[in-house]
Structures are given as C-alpha cells and as structure tokens.
There are 2 protein chains.
Amino acid sequence: MTPSSIPVTATSIVDAIAADLRTRMFSGELTADMPLTETDMATAYNVARPTVKAAIERLVAEGLLVRGLHKTARVAALGPAAVSDIYHSRAYLESEILRRLALMRLVPAEAVAANAEIGRLSEGTPTDLIEPDIRFHLSLIDAVGSDRMSKMYRSLMSEVRLCMNRVQSLGLLAPGLIHAEHEQILRLIAAGKGDAAAALLDDHLGRARERLIKALGGEAGPQADAPTDLLARP
Amino acid sequence: MTPSSIPVTATSIVDAIAADLRTRMFSGELTADMPLTETDMATAYNVARPTVKAAIERLVAEGLLVRGLHKTARVAALGPAAVSDIYHSRAYLESEILRRLALMRLVPAEAVAANAEIGRLSEGTPTDLIEPDIRFHLSLIDAVGSDRMSKMYRSLMSEVRLCMNRVQSLGLLAPGLIHAEHEQILRLIAAGKGDAAAALLDDHLGRARERLIKALGGEAGPQADAPTDLLARP
DNA sequence: ACCTGCACACTTGTTAGACAATATTCAGGA
DNA sequence: TCCTGAATATTGTCTAACAAGTGTGCAGGT
C-alpha cells in the first residue's frame, strides 16, 4: 500500500486559526497595531479562549504579533528600524547563499521560472509582483538544501509581507527593473562570480529597503524605534 | 526619574518552566528522545496541564523538543544530518557577518575577552571551553547590532548546546588550537581581510562539525535522517 | 489648573475538571 | 506467525471560574 505523493495534512484547530490570522494579516485586513483580544477572537472563531491563546502565542513567537504581560496582543507595527533590520538580515543571509551557489554554478530552475513570471508583468501591476518576487528569493535559499536557513529566511519574509500590506497601493515597485536585476544575479551565479552577485543583491535589497522605509515613513508610522541605522555599506 | 539600566524582568510561570527545561536539557539531565508527558510534568512542577503545555509548545517552536499531533513531546534527537545542517547554517550566517565586520575593521571587545578566557584554559578541561566559545561567536554576531541576526544565531547555538551535552565527556576539543584560530580570525577582521576571515571560519566550523558528527555517530545515534550532506565546499 | 489616590471595568494568567479523539499497548484468534 | 480488536494512556479542546494585572475615569486635595 504505497502512500500517495500528496502528504496527508493533519492540522489542529490552533494551526488553522494561526494560519487564518496570518493570511488576514498579509492581506491587510488586520492592520498594524490592531488589538486582538482573546475573548473577542474566541467568540469570533467559535472556539474556547485557550485555543486562540495558543494561536496568538505562536504568532507572537513568529514576530507577527507583539504583546506584553497582561496586555492584549497587537499586530506588529514594524517601524523604520525594524524594516532596516529585516532587510539587512535578508542581505546577510542571501548574499552568503549567493556565494555558495556561485561556487557550484547552481542556478535554481524555480528562480528562473519565478523571474520569468515577473518579466511577463506589465509595469502597472505592482501588487502582483510581490508573490513571484518572494518565490524568486526563497528558491535561491531553498536551493542550498538547509532546512534551518529556509526556515529563518521564511520568517523574515513573513515580516516583509506584513509591511507590504501597508504600501500595497503605492506603485513603488518597477517590475521591469527588478526583473533585470534578478536576471543579472542569476547570470553572475552561473558565471561563478559570487562576490559580484552578493554585491548586486546588496544594492538590490538596499534600494528596496530605502523605498519601503520612505513609504512607511510617509504615512507617519510609529517613530518609537531608535532610528539608528545598522552598519553602513561602503 | 531615569530608569535603571537593568531592565525589570516580569516573568510568567510558563517562561520559568520553559527556562528550567532548557537548562535541564543543556545540562544533560534530559537526554535525547526522553519523553516529556504533560501530566507528569504538571504534577512535577505543581502547575496545571495547560501551563506546561504552553511551555512545551514554546520549546517545540525553538526546535529543542519535537512532537507530533497527539504524540508526547520528546527531547530532540539531533542526528548527523541535523548537526550538519546546524553547522552549515552557522557558517552561512557567521561568515557573512565576518565580512561586514572586516569592512569596518570592527573587532568586538567582548570577543577578545571571551577568547582570552579560552586561552587561560589548560588543555585538559574540555567542558569549560563550551561557554566562552559560545560567547566568542555570539559577540561577533551581536556586534552588527541586528536583533534578528542575533536571535537566529542564538537559536542555532541552543541546538548546538543540545548536542554538546551528549559528548561533554569526550576530549574532542583542543582549547589551544581553538584559541589560536579565534585570534587569527580577529586579526583578519582587524586587517580588513573579510574573505580570508570567512574562509578560516568555514574551516573552523567545518572541523567542529566533523568532530561532532563523528562523536555522535560513535554512540550509535538515530540514523533515521537522510545522511545526504549539504553543499560541499571546494 | 494640576497632580494624587482610589474604585471600577477590562483583559490576561492560571487552575480545575471533564470529554472527545487519537496513539500505543497488549491480548486473543485465524 | 501475523493480523485484528479492545483497553489504556495521552493529547486536543472545552467550560467555568478565580486571581492578578492594566488602564481609565472620577473625586479630592494642593
């Protein structure tokens, strides 16, 4: 009796609620700083309070929600400092990955496919770009086959998505330019030029970071975080 | 009224139990594959079952415990494949960090102090080396000032500690050699030679990984994981 | 007008007990 | 021997409740 290739998904209620909250946060239905009271959510989902409590605690561990002792959980309001940290971390992880891929001349097919999808987008569709862009970067990480690296990068990307829902309407993404830069990165990997690929990715993510910070700052977000930038690149 | 520099620590029972379990796992009191039944732990800690349940779920999220649906949680048994993944991930994160530090010629004082502590150890004290060694590597990561990078690396190091309790008695660590390699890494950072520092760290962690895998394999650990190695370094 | 202190409502932390669903174990039969 | 099925153990979830902490608003005094 050979098992089917599609794995059976035994999912608990807590998993389901956490997943639903995630998608609702990514879709922008749950905006930053919105309070998520346990009793309210318990009635809304028709489950007991401990159940939603577990789901909330899981999302807090992921960094998507924030809460203090005896305080109600809120959707994480990622300020400029947090966005800076997230994108710098992305650069740290992914640039090293590019060096390793370049050593092996390994260009993941999934990355090529995702970037081709970006190339087919017209210039006027900013939001549709997010998903294939995430797939592009994730496929590079996944290509090295490290479960932990993939998990860490996915965690960073979930925070990115949380920011993105606030700037979805802004046309700050240029599909053509991004497509070209992605292709250049893949070319450098294929040529074994790890240093150049890492440097280009640094610029690529650095510009995205600056655009995102500017977009978030323009809406007068929470300036509570220390605005001190991380290490400067020469 | 300026707040004191030491932050107030409001800790819940769940936090305390999770912390206690962590230290007991690191100390080797809780060995690999040891089952942690919720009811047993509830009576042992004199708390209700949901409380220990929350603590268990937190440790599962950290990767220190593993559990399936309706199955009792067990201390993670990190096999050769997991150790390989952990150390490769460490190398990915830390080598990129070394490049950034080298660009700024930034040698963290804490790293110097930790390595000096290693230097003062005699050759015959293997277990005392673990703590300052961890401090050395953590201080390098912390020096870039990224909360997320620090958190991710700390997560990896907690898994390392989980392995270490199984090979504590083995004298597979040579303080003199490790001290010398650490000092060489710091020298390369001070000289701005990021590539060389990253390469040396790769060797440093690579050898530690091989020794650890050999030590774990010698005790006939769970060979369940796929033994396929990750990307080879040329 | 401003600050202090207190009572109140709201929310979370934790407990107790219970039932359902699933895993594991072990005994019995083909 | 191997498979089947019941009994046990353990977890998932719920209900109800109390304890403890946070924040708010109001009264009172300076």
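Here are the numbers:
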| read-out | value |
| --- | --- |
| Condition broken by residue A:128, with the remaining ones in (1) open to solvent by 20 Å² or more (accessible area, probe 1.4 Å); (2) assigned to a helix (DSSP H, G or I); (3) modelled with pLDDT of 90 or more satisfied | (3) |
| Segment A:19-43 residues that are open to solvent by less than 70 Å² (accessible area, probe 1.4 Å), paired with ones that are among the acidic types (Asp, Glu) (beta carbon under 9 Å, 6 or more apart) | A:22/A:62 |
| Search result, residues across segment A:45-71 that are within 12 Å of DNA strand D (Cβ to nearest atom), closer than 21 Å to residue A:13 by Cα and not charged (D, E, K, R) | A:45, A:46, A:47, A:48, A:50, A:51, A:52, A:54, A:55 |
| Residues within segment B:47-65 that are more than 10 Å from every other protein chain (Cβ to nearest Cβ) and more than 17 Å from the chain's Cα centre (by Cα), tallied | 7 |
| Residue in segment B:134-145 that is in contact with a Phe, Trp or Tyr (Cβ under 9 Å, 6 or more places away or on another chain) and at the interface with chain A (Cβ under 10 Å from one of its Cβ atoms) present | yes |
| Selected residue (criterion: nearest to the other protein chains (Cβ to nearest Cβ)) from residues of segment A:34-46 that are within 14 Å of DNA strand C (Cβ to nearest atom) and not hydrophobic (A, V, I, L, M, F, W, C) | A:38 |
| Residue selected from segment A:10-30 under the condition among the β-branched types (Val, Ile, Thr) and within 13 Å of chain B (Cβ to nearest Cβ), by the criterion farthest from DNA strand D (Cβ to nearest atom) | A:11 |
| Number of the condition not met by residue B:181 [criteria: (1) within 14 Å of chain A (Cβ to nearest Cβ); (2) modelled with pLDDT of 95 or more; (3) closer than 28 Å to residue B:27 by Cβ; (4) in contact with a Leu (Cβ under 9 Å, 6 or more places away or on another chain)] | (1) |
| Check on residue A:118, surrounded by 21 or more Cβ atoms within 10 Å (Cβ to Cβ) and away from chain B (no Cβ under 14 Å) | yes |
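The values are calculated or read from the model by the stated rules, or taken from the named source; none is laboratory data. Computed from a prediction, not measured in an experiment: that's the story for all the values here. Neighbour counts are summed over all protein chains in view; Cβ atoms, including those assigned to glycine, are modelled from backbone coordinates with ideal geometry. Accessible surface areas use protein heavy atoms only, side chains included; no ligands, DNA or RNA. Shrake-Rupley method; radii C 1.70, N 1.55, O 1.52, S 1.80 Å.
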